[in-house]
1. Could you check ASN267 against (1) surrounded by fewer than 15 Cβ atoms within 10 Å (Cβ to Cβ); (2) in contact with a Gly (Cβ under 9 Å, 6 or more places away or on another chain) and say which number it fails?
2. If the requirement is being without any contact (Cβ under 8 Å) to a residue 24 or more places away in the chain and not in a strand (DSSP E or B), which of these qualifies: LYS145, LYS207, LYS178?
3. If I filter segment 28-41 down to residues being in a helix (DSSP H, G or I) and either within 13 Å of the chain's Cα centre (by Cα) or not basic (Lys, Arg) (or both), which single residue comes out as surrounded by the fewest Cβ atoms within 10 Å (Cβ to Cβ)?
4. So, ILE135, is that one closer than 25 Å to VAL85 by Cα and near the ligand (Cβ under 8 Å from one of its atoms) or not?
5. So, of the residues in segment 110-132 that are more than 28 Å from TYR176 (Cα to Cα) and within 12 Å of the ligand (Cβ to nearest atom), which turns out to be modelled with the highest pLDDT?
6. Could you list, in sequence order, the residues of segment 102-157 that are surrounded by fewer than 13 Cβ atoms within 10 Å (Cβ to Cβ) and among the small types (Gly, Ala, Ser)?
7. If LEU44 meets every condition in (1) away from the ligand (no atom under 12 Å from the Cβ); (2) within 21 Å of THR312 (Cβ to Cβ); (3) crowded, with 19+ Cβ neighbours inside 10 Å apart from one, which number is that one?
8. Would you check if LEU304 is touching an Asp or Glu at 6+ places or on another chain (Cβ under 9 Å), touching a residue at least 12 places away in the same chain (Cβ under 8 Å) and surrounded by fewer than 15 Cβ atoms within 10 Å (Cβ to Cβ)?
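The values are calculated or read from the model by the stated rules, or taken from the named source; none is laboratory data. Note that the structure is predicted; figures quoted are calculated from it, not measured. Don't worry about glycine lacking a Cβ; one is built from the backbone with ideal geometry, like all the others, and counts go over all protein chains shown.
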Amino acid sequence: MSIKRVLSGIQPTSDIHIGNYFGAVANWVKLQEQYECFYCVVDLHAMSMPYKPGDLKQNTLNMFSSLLACGIDPNKSVLFVQSMVPEHSELNWILNCVTSYGELSRMTQFKDKTTLLHEKSKDHFVSAALFTYPILQASDILIYKADFVPVGKDQEQHLEFARNISARFNKQFGEYFKPPQALFTKIPKLMSLADPEKKMSKSLGPKHFVGLFDEEKVIRKKVSSAVTDTGGIASSEMSPGVRNLFEILHACKKMNDFDSLKKDYENGSLSYKLLKDTVSDALVELTSGLKKRKAKLDENPDQLNQILAEGTEKARTLASNTIKEVKKLTGLLV
Ligand code: TRP
């Protein structure tokens, strides 16, 4: 049986945080052992929201080296930057033509991001790219004929969308794409430290997340100010903030600490200070190794460029082949 192919993408942001790490990247690292993996930094997607060109470039390179530092191995996976494989944009247009306005209008992420933009900016500019975002995402997946896409709940609708438009393409132009499937794995969903009812996200502000490359001091400070509850009573229902701290400990695989603190919690004697200190220790231990690897990579831009060029080359070989076939099927000259 041939080895199955996985594709996933991550937006370049200035701070990759522990939520991204445990919720996506650590899983990507594991998947490398079992699948042929394609991972891309989706810089074109990042342009759908207001941004500064200099920041985008910096964040893209930074995310690229962060992924390497986290353990994406260029000898096992194809790691590349979306815009450097222009075939994604070519397929994007063709798939635009088999997408209906109605189905795009039903995407909840568009509605959520539009609301966010209205709250944040005065000029209320909402790009058409934000609206057509899922088509580019479908192009990322279909251009490599990926079998599986590791997704969290928030991306499920986008994957469903990719399946739908691949089916529509096939109906119109002949069986060509196979519908990509979601690859659900048990991944921890970390919540914001300051508002533990919300998913950890950079856009909420610095108090809400722990950066993967934050200084030890910063990590300790953020964790020690995490929202918990008034404590003291052994209630049956753990409050979201406390649950989140336990979740982080679990994600860091500190099972002995996890079990013993859980026992304290159950008999009503848990010290939140101890819980927070233990969580901080676990995060400092995890991130200091990653930080060292990242610093080493960033010291050597030639090597990074070399990895980038090799990833681009491998991705383009496959992508250009798909585009050729798609052009033939759709009546374009090749
Ligand atoms: N939309 C995804 C996110 O915000 C990123 C993404 C772009 C992606 N292209 C993709 C994810 C293809 C999976 C597959 O997280």
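1. Result: ASN267 fails condition (2) only.
2. Being without any contact (Cβ under 8 Å) to a residue 24 or more places away in the chain and not in a strand (DSSP E or B) holds for just one of LYS145, LYS207, LYS178, which is LYS207.
3. VAL29
4. So ILE135 does not fit the description; no.
5. The selected residue is PHE110.
6. The answer is GLY102, SER105, SER121, ALA128.
7. Only one criterion in (1) away from the ligand (no atom under 12 Å from the Cβ); (2) within 21 Å of THR312 (Cβ to Cβ); (3) crowded, with 19+ Cβ neighbours inside 10 Å is unmet by LEU44, namely (1).
8. Answer is no for this residue.
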